[in-house]
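One structure below.
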Amino acid sequence: MLKKTIAVACAAAVLAGWGVPMAQAASRATSAVSDVKLSWTGWVGWVRITWSETTPSANTISFERDGVAPVQLGTRTTDGANELWVTTSKLAPTDDPADVGRIIVTDSDGGTARSVDFDRYIRTAPSPTLSFTPENGVKWSIPADTSVDTTAGDPLDAGSSRTTYYLELRLNEPPNYLLNCRRVYLNSTYPGALSGVIDKYWSNKPFSITMLSLNAWESARIGGSAEVGGTGLTLTAPAATAHGKPFVLTGRLNDRGIFQTASPPVCQERELGPVANELVVLQARNSGTSPWYVVGTTRSAPTGQYSFSMMNAGTREYRVVVPNTTRAGILSFGGTTASKVVKATTQVVSAKFIAPVLTYGKRPQAYLWVAPGGSQKAALQFRNPNGTWQGLTYKTLYAGRGIATFPWSRRGATPFRWYVPASTTSTGLRVEPVYSGIFTLTVR
């Protein structure tokens, strides 16, 4: 460097004027290295080391810690700059605030100078405490850092004065191509924040959480971890049953979690076993656009099975909901099954002829009784000689009952049936249309 070249030239001129041989003068010179200073470079992860010396000299720069052998960081030649940049990784960042170090600069004559002691502190974040938010997100929080700065005011303190915490989520979902975990990094709300919320976008999916710390000393210090589980749900329902008749809804609950392996990294969502004694909520709605309402609750059996015994009061759409919960200390998302429509068909209590056998010329009387009882307009049909069903007459029922009297001039046995159209119950539920069973009229 220019300053060292000039210094050497001036020293040579002075010594030559005194008549002192150059080699002899150099042997008696001392560099008097001093004033070792530390600062951040402005580039992330780099520390600047500078020093002064009265006479240019080659230098060795080392990092020393209490109870640990010094580590050489670099060297400078006689004409080199009195400055060295080192990465923070060479200064051994630590989560022990009492682990302090210093920089030692040594000259070619063995003279040394030391910097002030400094820490390289970055907190290892503990495992987070988790809870559900009302919006179905997951709130995480960690306690405040209670460590004590043992080198308060050292020139590198700004590097550890503010630590940012962020999370790595690992999930089993695309893009993972069956081999790699999907890794999602979520920042805290602001630097130094001790809590944050994992958005509801990730709800109902098991995932693992790893806490990471970031400050000037280290960009991704791995800390504590936590797991969030999920719930596997099934629901089985009949497609339709007669109005007023019982039916059963059944299903099963399974605990789900993330299984991880390191090589190759795999995050596989797995079924962990049945969930016993879990609250199961049955909901229903009257149409595809109406709101859901609670029909009943139950608890799952040790096998994870659950069931609801119902009376079919009308066509409804059903689903099962399991609330978010904590199982064995692990936060677990609940879940909602796909919905199932169970139709209520009109129940034909009786469909017959008052007199199923008549002599020619008599007028038949076809009887119908259905539930729910209403004023349905039922259609009486017969099967013609071509084998197809043909409409004959209508009868508006009263309280679900009615008799249709009609002329009939065909001899022999003829199959008949009723068609009962859809209706609506007093509670607004739809009851689906139905054909009665076949009943026969014989004319002799």
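The values are calculated or read from the model by the stated rules, or taken from the named source; none is laboratory data. Quantities reported herein were computed from a predicted structural model and do not represent experimental measurements. Cβ coordinates were reconstructed from backbone atoms using ideal geometry, including for glycine residues, and neighbour counts include every protein chain displayed. Surface accessibility is based on the protein's heavy atoms, side chains included, excluding ligands, DNA and RNA. Shrake-Rupley method; radii C 1.70, N 1.55, O 1.52, S 1.80 Å.
Things to note:
- Given a 1.4 Å probe and the protein chains as shown, SER219 ends up with an accessible area of around 80 Å².
- For the chain, accessible area per residue (1.4 Å probe, heavy atoms of protein chains only), Å²: 51 Å²
- Where labels lie 7 Å past Cα in the beta-carbon direction, separation of ALA69 and ASP149 in nm: 3.4 nm
- Taken along its three principal axes, the alpha carbon spread of the range 197-339 comes to 72, 32, 26 Å, from the longest extent down to the shortest.
- Largest accessible area first, the listed residues MET311, MET211 line up as MET311, MET211 when surface is computed with a 1.4 Å probe on the assembled protein chains.
- Global geometry of the range 200-250, whether rounded, prolate or oblate, following the gyration tensor of its Cα atoms and the 1.5 cut on a/c: prolate
- Among the protein heavy atoms of the range 142-299, carbon and sulfur supply 54% of the accessible surface, probe 1.4 Å, non-protein parts ignored.
- Distance between the C-alpha centres of the range 195-225 and the range 345-387: 71 Å, rounded to the whole angstrom.
- TYR166 exposes around 30 Å² of accessible area when a 1.4 Å probe is run over every protein chain in place.
- Whole-percent carbon and sulfur share, accessible surface of the range 309-444, 1.4 Å: 51 percent
- The range 310-429: mean projected area of Cα convex hull, nm²: 11.3 nm²
- Dividing the mean sequence gap of close Cα pairs (under 8 Å, 6+ apart) by how many residues the range 294-444 holds gives a relative contact order of 23 percent.
- The Cα-based radius of gyration of the range 355-419, divided by its Kirkwood radius, gives an Rg/Rh of 0.99.
- Given the choices (i) 70, 57, 41; (ii) 74, 48, 40; (iii) 158, 41, 33, Cα extents along the principal axes in Å derived from the coordinates of this structure is entry (iii).
- Which of PHE132, PHE416 is most accessible, then next, and so on - probe 1.4 Å: PHE132, PHE416
- Summed over qualifying helices (DSSP H, 4 residues or more, each -39500 (n - 2.57)) and divided by its residue number, the chain shows a 222 nm mean residue ellipticity of -1500 deg cm²/dmol.
- Solvent-accessible area of LEU331 with every protein chain in place, 1.4 Å probe, in Å² to the nearest 10: 20 Å²
- Take every pair of alpha-carbon atoms less than 8 Å apart whose residues are at least six positions apart; their mean separation over the length of the chain yields a relative contact order of 9 percent.
- Cα gyration tensor category, rounded, prolate or oblate, for the range 66-213 with a/c compared to 1.5: prolate
- Sorting ASP157, ASP96, ASP109 by solvent-accessible area of protein heavy atoms yields ASP109, ASP96, ASP157, largest first, with a 1.4 Å probe.
- With respect to the chain, whose longest principal axis is taken over its alpha-carbon atoms, helix 2-17 is tilted by about 10°.
- Along the range 55-62 the Karplus relation, 6.51 cos²θ - 1.76 cosθ + 1.60 evaluated at θ = phi - 60°, assigns HN-Hα couplings of 10, x, 7, 5, 10, 10, 10, 10 Hz to successive residues, with x for each Gly and Pro.
- Nonlocal amide H pairs with GLY244, under 5 Å, H built at 1.01 Å: ASN312, ALA313, GLY314
- Amide H contacts under 5 Å for SER108, placed H, 5+ residues apart: ALA58
- 3J(HN,Hα) along the range 323-336, derived from phi through the Karplus expression 6.51 cos²θ - 1.76 cosθ + 1.60 where θ = phi - 60°, amounts to x, 4, 7, 10, 10, 6, x, 10, 5, 9, 5, x, x, 9 Hz, with x in place of Gly and Pro.
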